[in-house]
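For reference, the structure is listed below as structure tokens.
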Amino acid sequence: MTEKGEVRPVSLYSARKKLHVRSVSGRFARWRWALVWLTQILYYGLPWLTWNDRQAVLFHLTERKFYLFGAIFWPQDVFYLAVLLILSAYALFFFTAIAGRLWCGYACPQTVYTEIFMWIEEKIEGDHNRRRKLDKTPMDGRKFALRAAKFGAWGLFSLWTGFTFVAYFSPLDELLASLTTFGFGPWETFWILFYAAFTYAFAGILREQVCEYMCPYARFQGVMFDQDTLVITYDEARGDPRGARRKGVVPASVGKGDCTDCGICVQVCPTGIDIRNGLQYECIGCAACIDACDQVMDRMEYPRGLIRYSTENALRQHWGRKEILRHVVRPRTLIYGAFLVLITFAMIAGLAMRTDLRVDIIRDRATLAREVSDGQIENVYRLQIMNMVERERTVEIRVDGLDGATLQEGEPIVLPAAATGAATVQVRVPADAAEPGSHPLYFEVSVREDPGVTVREQTTFMLPR
Amino acid sequence: MLKWILVLWPSFLVAAVAEAVFFVVVDPQQLYLFGEPVRYSPIATYSIGFFGFWLACAASSLLTLFLQPVGTRPPAHR
Ligand code: SF4
Ligand code: SF4
């Protein structure tokens, strides 16, 4: 990276060399694909699940509720969302400190969708060599057919992705009903196309450029690295000097290191870099080069791991696996880890203690206090009671805090399932119950069906002079 | 191309955050437009809100790019 004030060599933007990435297999590729499956089954599958006769996971924009299986979150619960975001940030810090860009290499949607798009590309146009050749041939019937098939497949996949995205915000059954007639609302149509276009452009066209030029995480992840962070490294001491040789030749006998200079690690790299030049900020840590190099080592009958997960310290001091693992536990990871555990517990505790009834008391502003018959003073309040479970419930209201405080028409209030009910209540207090002025008053709202659920809220009662 | 990415992309990210924060706090049904209650469907209101945020943020990014000292501008902009 460059110094401040210096011009970055951004000419790469215009003259980007199109990469024809060679596909790779091996144990890290299997991990990557496992995560592709896992994340995408979740992503495409979740909107189809039902729970309590409604969509299980839905940010219902119209109702302003977030359904998450048995729970419903309201805008008032945004605190939990904030905590969840902080939690994700610490998880990211934690894993980055331990093993670098694990997120980028295995789980980031950018990586996952690029992986899927490259798979489609390879199925239709063939491997990296055939794709490069196809690129060079002039347009003819065959090339046109291949291109059309590829863009079509990408397009359909993107549309499905966009449709799924919208299904997180707008109920899926309504969307499906309009799907048969293509009668989506204008904004639904717009967002499906918008998200599809994003998917298509990011995974089909921009690919590694998103990581290089657009991703904020890629820019700041470096600060979480230290000398004990596991990163993908080429073992220069073992590999150099590089050079071709026949299978099984002992490297020392020809004055060479273990690297055969086959270049396969470069061909498989989705960002097109050469890991043998050292750790570079373009490297997303996908470990494709490890798989590729291990296969070469197997073929040459050399030990695996010329390119491997290692740390700066390990390389310098020739540590083995055990020493590397021992250094995973260090102040940085302990601190990130401690925050992670603390916040997780706080979140669980917060969720466990969340009452599923919420009461807001609004004093009637028009009349502060009113004298009614038989020497009593009346204050009027408006209670907004939120029933946060999906059952109809009846609540009872009581007041206390001032001697002789009584509630007029203490009729129980029936709240529909997962809805807010409002009630206007009058509280009367004998005029001589206390000094003139404002006094604390408590409302206690309890649920008849769930004896344990009671909410106590404070407000004020005005006694005029 | 670079210039447009630099203008449109950061503003997109910030607009997404602003949109989320704003509409968590404000119910679109309670907004007023020129003294009239907003009558658009919620999804329309959310969408228009998002593009409003995006536009404002993009204008800011554009201005940043424009005011950047000459030596530090990306080549596409010089
Ligand atoms: S650099 Fe950014 S976009 Fe690329 S894989 Fe990493 S997190 Fe995802
Ligand atoms: S050098 Fe390339 S192939 Fe190797 S881990 Fe980094 S991004 Fe992946």
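The values are calculated or read from the model by the stated rules, or taken from the named source; none is laboratory data. For clarity, every value in this text was computed on a predicted model and none was experimentally measured. Please note: Cβ atoms are built from the backbone with ideal geometry, for glycine as well, and neighbour counts cover all protein chains shown. Accessible surface is based on the protein model in full, side chains and every heavy atom, while ligands, DNA and RNA are left aside. Shrake-Rupley method; radii C 1.70, N 1.55, O 1.52, S 1.80 Å.
Worth pointing out:
- Residue count, region A:267-281 (criterion: at pLDDT 90 or above, under 19 Å from A:Gly222 (Cβ atoms) and more than 6 Å from ligand 2 (Cβ to nearest atom)): 1
- Test for A:Asp77: is it more than 16 Å from ligand 2 (Cβ to nearest atom) and open to solvent by 50 Å² or more (accessible area, probe 1.4 Å): no
- Here A:Tyr67 meets the list (1) part of a helix (DSSP H, G or I); (2) away from ligand 2 (no atom under 16 Å from the Cβ); (3) open to solvent by less than 50 Å² (accessible area, probe 1.4 Å) almost entirely, failing just condition (1).
- Options A:Ala314, A:Ala252, A:Ala244; residue that is open to solvent by 70 Å² or more (accessible area, probe 1.4 Å), more than 27 Å from A:Lys17 (Cβ to Cβ) and in the same structural domain as A:Leu230 (by TED's automatic domain parsing): A:Ala252
- From the list A:Ala434, A:Ala423, the one residue that fits, being small (Gly, Ala, Ser), more than 30 Å from A:Gln55 (Cα to Cα) and more than 48 Å from the chain's Cα centre (by Cα), is A:Ala434.
- Criterion (away from ligand 1 (no atom under 14 Å from the Cβ), at pLDDT 90 or above and either within 14 Å of another protein chain (Cβ to nearest Cβ) or over 21 Å from A:Glu282 (Cβ atoms) (or both)) met by exactly one of A:Trp74, A:Trp119: A:Trp119
- Options A:Leu334, A:Leu325, A:Leu340: the member that is crowded, with 16+ Cβ neighbours inside 10 Å and in a helix (DSSP H, G or I): A:Leu340
- A:Ala89 satisfies every condition listed in (1) among the aliphatic types (A, V, I, L, M); (2) in contact with a strand residue (DSSP E or B) (Cβ under 8 Å, 6 or more places away or on another chain); (3) within 14 Å of another protein chain (Cβ to nearest Cβ) except (2).
- Taken over region B:1-53, the residue count meeting the criterion of being part of a helix (DSSP H, G or I), away from chain A (no Cβ under 11 Å) and hydroxyl-bearing (Ser, Thr, Tyr) is 1.
- The set of residues in region A:383-414 that are open to solvent by less than 30 Å² (accessible area, probe 1.4 Å) and either among the polar types (S, T, N, Q) or in contact with a Lys or Arg (Cβ under 9 Å, 6 or more places away or on another chain) (or both) comprises A:Ile385, A:Met386, A:Asn387, A:Met388, A:Arg393, A:Thr394, A:Val395, A:Ala405.
- Selection within region A:183-230 - within 10 Å of another protein chain (Cβ to nearest Cβ), in a helix (DSSP H, G or I) and either open to solvent by 20 Å² or more (accessible area, probe 1.4 Å) or without any contact (Cβ under 8 Å) to a residue 24 or more places away in the chain (or both): A:Pro186, A:Trp187, A:Glu188, A:Phe190, A:Trp191, A:Phe194, A:Phe198, A:Leu206, A:Gln209, A:Tyr213, A:Met214, A:Pro216
- Which numbered condition A:Gln280 fails, given (1) assigned to a helix (DSSP H, G or I); (2) within 16 Å of ligand 1 (Cβ to nearest atom): (1)
- In region A:101-116, the residues that are within 14 Å of another protein chain (Cβ to nearest Cβ) and of a type outside the set (Gly, Ala, Ser) form Cβ pairs under 7 Å with partners that are within 7 Å of ligand 1 (Cβ to nearest atom) and open to solvent by 20 Å² or more (accessible area, probe 1.4 Å), at six or more places apart or across chains, as follows: A:Gln110/A:Cys211.
- Residue tally, condition over 32 Å from the mean Cα position of the chain (by Cα), over 14 Å from A:Arg276 (Cα atoms) and within 16 Å of ligand 2 (Cβ to nearest atom), over region A:295-314: 4
- From the list A:Phe69, A:Phe59, the one residue that fits, being in contact (Cβ under 8 Å) with a residue 12 or more places away in the chain, away from ligand 1 (no atom under 16 Å from the Cβ), within 13 Å of chain B (Cβ to nearest Cβ) and among the aromatic types (Phe, Trp, Tyr), is A:Phe59.
- Selection status of A:Gly45, part of a loop (DSSP other than H, G, I, E, B) and either in contact with a helix residue (DSSP H, G or I) (Cβ under 9 Å, 6 or more places away or on another chain) or at pLDDT 90 or above (or both): no
- Single match in A:Cys262, A:Cys286 (criterion: assigned by TED's automatic domain parsing to the domain that holds A:Ala99 and open to solvent by less than 50 Å² (accessible area, probe 1.4 Å)): A:Cys286
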